[in-house]
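What follows draws every value from the coordinates through simple rules; no lab data is involved. Treat the numbers as computed from the prediction; the structure is a model and nothing was measured. We place every Cβ from the backbone using ideal geometry, glycine too, and count neighbours over all the protein chains shown.
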Amino acid sequence: MTTVNREELLLDAFATLADTLVADYDVLDLLQTLVETCATALDVSQVGLLLSDGSGELELVASTSESSALVETIAIGAAEGPCIDAFTASRVVSVPDLGDGAEWPAFRASAAQQGFGSVVCIPLKLRDTTIGTLNLFGEETGVLNDRDMKAAQALAHVATIGILQERALRKSDEIRSQLEFALNSRVVIEQAKGVLAHTHQISTEAAFDAIRAYARKTRQPLALVARGLVDRSLSI
Amino acid sequence: MADHFDAAAAALLSLDRDAAPDAALLADALTVTGASISTLGDFLGTETVAASDDRAARLDELQFDLGQGPCWDALSAAAPVLEPDLLGAGATRWPALSDALRDPGVAAVFAFPLVLGPLRLGAVDLYSDRAAPLGPVGEEQATALAAILSRHLLRRALRAVGQDEGVDQGSRFSRRVIHQATGFVIAQLGIDPDGAHLLIQGQAFAEGRSMRDVADDIVARRLSFAASSNGFEEVR
């Protein structure tokens, strides 16, 4: 990718994120946009975003692929791996070579099986509150270059602000409810994937793509489309 | 009558999870002399859960002892069984039952199955001391109340054996699969997410497997509830 291209992509990404913040926006769409932007504009191959459910457990709410292999790798990293470590310590955890190290053997094995060479986990934090992590997987080994790291951290910050919102910062239980909303939306999206997968006899990954495409085409939030499919007021 | 029905539906829906339902409420709502609620068969065991009066309890007991009667027929057919003239024109249907109910003066019986998808839970028995049909509105209302009762009884039974944790079982990744499977069941049976989730839970319990196992089978299309032509709920 040329430098100009990348800069344009990043600019677009920030503009999109900023737009979503001023208008009425859906948290889940914002996060989906974020992970897709990271994968396109940065030198990484897959991206997943984990949010805390408030009890210390992390749940995957957006990822660049819905394949069960990637979802499982990130889930393992969220249970015992760099993702949960980045969250707990509230700092970036960079693993430049997944093949070199003894920590988190299950996570390393799972990541290696998918051809990942490196991973960077960036905490989503604002002041004293850490709400999740942004996890960037690369096929090559090596550290993420400075530029990309800075960009990823800036994107993570903007996303965090988007999730928490100004007004939500006033009360911690409002933060909680905003997170719960995002996590519950994810439940409905999984259910909607199942509805569509059965109805059209397609894979759950293809079902997600169809839901996402429909949401984009009709300019509706992902969660709203999913809810329509689940309560059967919508069929696509 | 509609008021009584609404009140009964609301009371059943707000029942505490461990509480036994009130059979007298059913009898009032459906304007019959008495009502009983029982679990039947291997799944939840055969017993009377609630009876509005002695005759209703006796009606259940006789059917258990005889191994025949409307409650058994309703359950095996997963459809209502209506006998508006048990002592007259309908006396040949279950002769031993009719004989035994002549003295107590049970003149009409109506049984509604308690089912959820393929799960056979039990039946609601209604009786009248005069021969008369229940009528289409009564049938529809009884079916609706039976659907609410089915869920309540299944939840109560799962709770009693400590299997009510539902989606909280297992890892985050498991939950995704369970949510997807819930979507499959929603599409297969046309029921709501709550019922679909409960069905997976009940199925897991019936087969002595984990919800994740059952969910895996559903998502991999090794298990489908769509094939069963009867026994799913019409009430949402």
### Message
Under 5 Å between amide hydrogens, which residues at least 5 positions from A:L124 or on another chain qualify, with H placed 1.01 Å from N in the peptide plane?
### Response
A:I131, A:G132, A:T133, A:L134
#### Entry: Ratio of the Cα radius of gyration of the stretch B:102-147 to 2.2 N^0.38 Å, where N counts its residues
1.30
### Message
7 Å from Cα along Cα→Cβ at both B:F43 and B:H4: what's the point-to-point distance in nm?
### Response
2.9 nm
### Task
For a footprinting-style exposure proxy, rank A:L124, B:L66 by other Cβ within 10 Å, fewest first.
B:L66, A:L124
### Query
Could you give the dipole magnitude of the stretch A:3-169 about its Cα centre, charging the beta-carbon of Lys and Arg +1 and that of Asp and Glu -1, in debye to the nearest 20?
400 debye
#### Entry: Efficiency of FRET from Cβ geometry, A:A112 and A:Y25, R₀ 35 Å, rounded to 0.05
0.40
### Task
Give the order of B:Y127, A:Y214 when sorted by the count of other beta carbons within 10 angstrom, beginning with the fewest.
A:Y214, B:Y127
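Which is the longest stretch in chain A that no exposed loop site breaks, taking sites as trypsin sites (Lys or Arg not before Pro) with a DSSP loop state and at most 16 other Cβ atoms within 10 Å?
The answer is A:1-90.
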## Note on the structure
For chain A, shape from the Cα gyration tensor axes a ≥ b ≥ c, cut at a/c of 1.5 then a/b versus b/c, turns out rounded
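How much net charge surrounds A:E205 when only other residues with a Cβ under 10 Å from its Cβ are counted (Lys, Arg +1; Asp, Glu -1)? List each step's numbers first, then the result.
Details: positive: A:K193; negative: A:E66, A:D209.
Net charge in that neighbourhood comes out at -1.
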### Task
Just grab the label-to-label distance for A:S55 and A:T218, each label 7 Å out from Cα along the Cβ direction, in nm (one decimal).
3.4 nm
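Compute the signed sum of charges (Lys and Arg +1, Asp and Glu -1) over the other residues within less than 11 Å, Cβ to Cβ, of B:D85.
Overall, the nearby charge balance is +1.
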#### Entry: Cβ-based exposure ranking for B:D217, B:D129, A:D128, in which fewest neighbours within 10 Å come first
A:D128, B:D129, B:D217
### Query
How many nm is it between the label spots at A:D209 and A:N5, if each spot is 7 Å from the Cα in line with the beta carbon?
2.1 nm
#### Entry: Three-way shape call for the protein assembly as shown based on the alpha-carbon gyration tensor, with the a/c threshold at 1.5
prolate
### Query
Say we join alpha carbon atoms closer than 10 Å with springs in a Gaussian network model of chain A; which of A:S65, A:S185, A:S55 then has the biggest fluctuation?
A:S55
### Task
Give the shape of the stretch A:183-230 as rounded, prolate or oblate, defined through the alpha-carbon gyration tensor: a ≥ b ≥ c are the square roots of its eigenvalues, a/c under 1.5 means rounded, and otherwise the shape is prolate if a/b is larger than b/c and oblate if not.
oblate
## Note on the structure
When the charge dipole of chain A is computed with +1 on Lys and Arg Cβ and -1 on Asp and Glu Cβ about the Cα centre, the Cα farthest towards its positive end, among A:L229, A:G132, A:L70, belongs to A:L229
### Message
Taking amide H atoms as placed 1.01 Å from N in the peptide plane, list the residues 5 or more away in sequence, or in a different chain, whose amide H sits under 5 Å from that of B:L86.
### Response
B:A108, B:V109
### Task
Could you go through the stretch A:83-89 in sequence order and give the Karplus-derived ³J(HN,Hα) for each residue, using 6.51 cos²θ - 1.76 cosθ + 1.60 with θ = phi - 60°, rounded to whole Hz, and x for Gly and Pro?
5, 5, 5, 4, 5, 5, 8
### Task
Could you please state, rounded to a whole Å, how far the C-alpha centre of the stretch A:52-87 is from the C-alpha centre of the stretch A:115-161?
13 Å
